[in-house]
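FYI, it's all coordinate maths here, none of it is from the lab. Owing to the predicted nature of the structure, the values given are computational and were not obtained by experimental measurement. All Cβ positions, even for glycine, are placed from backbone atoms using ideal geometry, and neighbour counts span all protein chains on display.
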Amino acid sequence: MDRIIERFKKYISIDTRSDENSNTSPSTPGQLELGSILVEELKDLGLEDAIQDENGYVYATLKSNMDKRVPTIGFISHLDTSPDLDGKCINPRIFIYEGGDIKLNEQYSITEKEFPFIKDVVGKEIITTDGTTLLGADDKAGISAIMDALEYLIKHPEIKHGDVKIGFTPDEEIGRGADLFDVNGFHADFAYTVDGGPIGELEYENFNAASVKIEIQGKNVHPGTAKNIMINSIRIAMEIESMLPVNEKPEYTEGYEGFYLLDEISGNVDHTVINYIIRDHCNKIFEKKKEDFRKIVEFLNDKYGNIITIEIEDSYYNMKEKIQPHMEIIELAKRSMIELGIDPIIQPIRGGTDGARLSYMGLPCPNIFTGGYNFHGRFEFIPTESMKLASQLIVKIIENNAK
Ligand SMILES: [Zn+2]
């Protein structure tokens, strides 16, 4: 069996689900376990400075093998898997997919109807779960591709390269992967997260994101004698919702269209709390969406007499702003893909990435593919060829960067 598949099978057999309810870093011990295995493997490969820091982050350097100084590239993947489902995949199935529905077990199948894109991998060797766990290709395929690329470069010293930095981060799936990342210590000029989906994905645009909390203090009196007195805070919450653009909701938007999501509402006549999230790729529209919320609250406070408070907190920003001054790193990835016969698929992410936050922390960091599909659940699968291509792409980027 290929080394990369062996590695992948080893990594996915460790349960590294992150846990939002934990306050430690990493949030779960499985991530420490995988991290320390990777440190050993990196040292065995000859990356002597490989370490796991006190927060569970793994860092290592593949030292330059040339005299010329070239920009230092980093490659980053995350150790954790989604908390949504058991992450200890000890029975992956590896087979050539001949078409049709893929029966995972008695209960679950990857059907052509639900997942029409499986026709893209007919005739290819794929890895699926046995239906009881997630696969963990997100992001252990990324880790496997990076490790495989390092091994290849070490076995092929004739390929000249500059310093290459490796970072494996904990707790990406619960939004903390960038929190304690040591950008200064990492010492890379730019990096790529290897955390995307199907072959060709190259992403450097993501949402701007904010969360909104609105509290409404109503006035509750006996409904029989409520005339001109009662203020029903739930109805005011409904009024707020009705003042937002009807079509700018997740269920009606795609591509570059942003949205407001009514995420949570709880209350009674006396008191209601509503939580929204705001998302938009365009910085101006993002700011306007926040401003619109403030105007709605101002209007209703005039109408009902200062009974509504609003808090808006930014979560993350579109990395495009930080990548655009360095478009050569997108060109480098694109050119490397084309040389490998891969069509680059450049599309905006309708979410955030650790790379987006790292970009704002001073490390420009677009995202490249791992080759996987259907992340975060039992229907996850990956063609082995795609994982190998991700590894080859990493090598190619490193090689082209040195030219
Ligand atoms: Zn991921």
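In the chain, the C-alpha radius of gyration followed by the widest Cα-Cα span (Dmax) gives 24.0, 88 angstrom. Here the range 222-294 is treated with +1 on each Lys and Arg Cβ and -1 on each Asp and Glu Cβ, and its dipole about the Cα centre works out to around 300 debye. Listed by chain and number, the lysines whose C-alpha is less than 16 Å from the C-alpha of residue 249, apart from same-chain residues fewer than 8 away, are 288, 289, 290. Quick check: from the Cα gyration tensor, does the range 122-171 come out rounded (a/c under 1.5), prolate or oblate? Here the range 122-171 falls in the oblate category. Taking θ as phi - 60° and the Karplus parameters 6.51, -1.76 and 1.60, the scalar couplings of the range 41-50 work out to 5, 5, 5, 4, 6, x, 8, 5, 8, 4 Hz in sequence order, x denoting glycine and proline. Highest-first packing order for the peptide set 73-82, 41-50, 110-119, 381-390 is 73-82, 381-390, 41-50, 110-119, based on the mean count of other beta carbon atoms within 10 Å. Taken one residue at a time, the phi angles of the range 3-10 give Karplus couplings (6.51, -1.76, 1.60, θ = phi - 60°) of 4, 5, 6, 4, 4, 4, 4, 5 Hz. Gly and Pro are set to x.
The residue among 66, 342, 386 whose Cα reaches farthest toward the positive pole of the charge dipole of the chain, with charges on the beta-carbon of Lys, Arg, Asp and Glu, is 342. Ranked by the mean number of other Cβ atoms within 10 Å of their residues, highest first, the peptides 336-347, 182-193 come out as 182-193, 336-347. Summing Lys and Arg as +1 and Asp and Glu as -1 over all other residues whose Cβ lies under 11 Å from the Cβ of residue 218 gives a net charge of 0.
Cβ-Cβ distance of residue 96 and residue 338, R₀ of 30 Å, FRET efficiency by 1/(1 + (r/R0)^6): the value works out to about 0.60. Quick one: helix 283-304 against the long Cα principal axis of the chain, what's the angle to the nearest 10°, folded into 0 to 90? Approximately 20 degrees, to the nearest ten. The overall shape of the range 1-96 is oblate: from the C-alpha gyration tensor, with semi-axes ordered a ≥ b ≥ c, the ratio a/c is 1.5 or greater and a/b is no larger than b/c.
Counting each DSSP H run of 4 or more residues in the chain as -39500 (n - 2.57), what helix-only mean residue ellipticity at 222 nm follows after dividing by all residues, to the nearest 500 deg cm²/dmol? One gets -9500 deg cm²/dmol as the mean residue ellipticity at 222 nm.
The alpha-carbon atoms of the range 248-403, seen along their principal axes, cover 66, 39, 25 angstrom, with the largest extent given first. Distant-in-sequence amide contacts of residue 315, defined by a placed amide H-H separation under 5 Å and a gap of 5 or more residues or a different chain, comprise 209, 210, 211. The magnitude of the dipole of the range 176-322, with charges of +1 and -1 set on the Cβ of Lys/Arg and Asp/Glu and taken from the Cα centre, is near 800 debye.
Which entries in the list 88/124; 9/165; 334/388; 9/119; 63/88; 320/403 go over 22 Å, if you measure between the two C-alpha atoms of each? In this structure, 88/124; 9/165; 9/119; 63/88; 320/403 exceed 22 Å between Cα atoms. Among 144, 244, 208, whose Cα lies farthest out toward the positive end of the dipole of the chain, if unit charges sit on the beta carbon of Lys, Arg (+1) and Asp, Glu (-1)? Going by the Cα projections, it comes out as 244. Comparing 170, 21, 369 along the charge dipole axis of the chain, the residue lying farthest to the positive side is 369, per the Cβ-charge model. Counting only Cβ charges, +1 for Lys and Arg and -1 for Asp and Glu, the dipole size of the chain around its Cα centre is about 600 debye.
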